[in-house]
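Student: Sharing a structure, written as C-alpha cells. Questions coming.
The values are calculated or read from the model by the stated rules, or taken from the named source; none is laboratory data. This is a predicted model, so every value here is computed, not measured. Here the Cβ positions follow ideal geometry from the backbone for every residue, glycine too, while neighbour counts run over all protein chains shown. For accessibility, only protein heavy atoms count, side chains too; no ligands or nucleic acids. Shrake-Rupley method; radii C 1.70, N 1.55, O 1.52, S 1.80 Å.
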Amino acid sequence: MTKTLGIMGGMGPLATVDLMTKIIRLTPAQNDQDHIHMIVDNFPQIPDRTSAILGKGTNPLPLMIESAKRLETAGADWIAIACNTAHFYLDDIQASIKIPLMNMPKETVRFIDNAGLKTIALLATDGTLSTNLYQVSLHERGIAVVEPDKMTQESVMEGIYAVKSGNLEKGKKLLLQASKTVMNQGAEAIIAACTEIPLVLSEVDGIKVIDPTVIVAKKIVDMYYES
C-alpha cells in the first residue's frame, strides 16, 4: 500500500477537489497514515476541452501531456483525470508516459452494466456528447441512451459553466431542470458525465444520479488496497 496516485486537475478546480474529497471519504483509514498519497497538478490553464473538440479553441493536449509528465516525474505510479471530456485525449496522453491512466467513462459504463440498468440519460458537455465517450460503450452493452434535445443541452452547458464560475445556485437550477426533462423520457438514472454536475446534483434532489467521480474514486481505493 505504498503506491502514489497522480491527479491531473484544474479541469475544473472544484471538480479536482471533489475527486480528492471522495477518495479520502471512501478510504477505510484509521489515521492520517492510512490515506492514499496523492500528487495533484491543479492546472486550470489547460485550454477548454469542449471548445477544442468542437474546433473553436486551442488544443489542450500539449498542456495535458505536460501535466501527465510532471506527475510521472514527481513520483506518481498511476494517474486519474478529474474531467470527463478530457478523456477524449486519453490515448495520446497515455502514449507520452509510462505509468497507466485510469479511464473514467469505461469504469462508469462497467458499473452501469453490472447494476442491470437498461435506459440511461446522459448529461455532459457538448464535447463529451460529440465524441461518444459514453454512448458507444453503453450501446455495446445493450443500454439505451437518452440525450438532451438542443434547448435542454444549452441549459446543461450554461449550468456547467455556472458551476465552473462558482455560481452553484444557478448551476443547480439549470441542471436540475435538464435532469427532470431527460428523466421524463424514460431514463432509469442519469450519468452526471461532467465533473461539475455532481457538485450540485445528487439523489437528494429526487433523481438517481450516477456520479463517475465516485465510481473512479472507489476504483482508486480498491486498486490502492489491492496493491
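Student: Applying the selection to segment 129-149, what residues are touching a residue at least 40 places away in the same chain (Cβ under 8 Å), closer than 22 Å to ASN184 by Cβ and not aliphatic (A, V, I, L, M)?
Tutor: TYR134 - this is the single residue of segment 129-149 that is touching a residue at least 40 places away in the same chain (Cβ under 8 Å), closer than 22 Å to ASN184 by Cβ and not aliphatic (A, V, I, L, M).
Student: Based on this model, can you work out whether ALA82 counts as within 12 Å of the chain's Cα centre (by Cα) and open to solvent by less than 30 Å² (accessible area, probe 1.4 Å)? Walk me through it before giving the result.
Tutor: Numbers: within 12 Å of the chain's Cα centre (by Cα): yes; open to solvent by less than 30 Å² (accessible area, probe 1.4 Å): yes.
Spelling it out, ALA82 is indeed within 12 Å of the chain's Cα centre (by Cα) and open to solvent by less than 30 Å² (accessible area, probe 1.4 Å).
Student: Hey, among ILE160, ILE99, ILE197, which residue is in the same structural domain as LYS69 (by the TED database) and touching an Asp or Glu at 6+ places or on another chain (Cβ under 9 Å)?
Tutor: After applying the criteria, what remains is ILE99.
Student: GLN45 is checked against (1) under 23 Å from ALA95 (Cβ atoms); (2) free of Cβ contacts under 8 Å to residues at least 24 places away in the same chain and fails just one. What number does that condition carry?
Tutor: (2)
Student: Which one is surrounded by the most Cβ atoms within 10 Å (Cβ to Cβ) among residues in segment 59-79 that are over 21 Å from THR195 (Cα atoms) and not charged (D, E, K, R)?
Tutor: The residue in question is ALA76.
Student: Right, next: Residues that are assigned to a loop (DSSP other than H, G, I, E, B), on the phi < 0 side of the Ramachandran plot and at pLDDT 95 or above: does segment 72-81 have at least one?
Tutor: yes
Student: Conditions first: (1) part of a helix (DSSP H, G or I); (2) over 19 Å from the mean Cα position of the chain (by Cα); (3) over 24 Å from PRO44 (Cα atoms). LEU117 passes all but one, so which condition is the exception?
Tutor: Failed condition: (1).
Student: Going by the conditions given, is ILE220 open to solvent by less than 60 Å² (accessible area, probe 1.4 Å) and not in a helix (DSSP H, G or I)?
Tutor: No: the conditions fail for ILE220.
Student: For LYS180, state whether it is of a type outside the set (Phe, Trp, Tyr), at pLDDT below 95, in contact with a Gly (Cβ under 6 Å, 6 or more places away or on another chain) and not assigned by the TED database to the domain that holds HIS87.
Tutor: When the stated conditions are applied, LYS180 does not pass them.
Student: Could you pull out the residue among LEU133, LEU129, LEU138, LEU175 that is in contact with a Pro (Cβ under 6 Å, 6 or more places away or on another chain) and not aromatic (Phe, Trp, Tyr)?
Tutor: Selected residue: LEU133, the only one of LEU133, LEU129, LEU138, LEU175 that is in contact with a Pro (Cβ under 6 Å, 6 or more places away or on another chain) and not aromatic (Phe, Trp, Tyr).
Student: Now, a different point. Would you confirm whether or not segment 15-25 contains a residue that is open to solvent by 60 Å² or more (accessible area, probe 1.4 Å), in contact with a strand residue (DSSP E or B) (Cβ under 8 Å, 6 or more places away or on another chain), under 15 Å from VAL221 (Cβ atoms) and assigned to a helix (DSSP H, G or I)?
Tutor: Scanning segment 15-25, I find no residue that is open to solvent by 60 Å² or more (accessible area, probe 1.4 Å), in contact with a strand residue (DSSP E or B) (Cβ under 8 Å, 6 or more places away or on another chain), under 15 Å from VAL221 (Cβ atoms) and assigned to a helix (DSSP H, G or I), so the answer is no.
Student: Another question about this same structure. Check every one of the helices (runs of 4 or more DSSP H) wholly within segment 124-207 and list those with 3 or more residues that are farther than 16 Å from THR50 by Cβ and open to solvent by 60 Å² or more (accessible area, probe 1.4 Å). If you could, list the steps in order and put the result at the bottom.
Tutor: Details: elements: 126-131, 135-140, 150-164, 168-183.
Qualifying helices (runs of 4 or more DSSP H): 135-140, 168-183.
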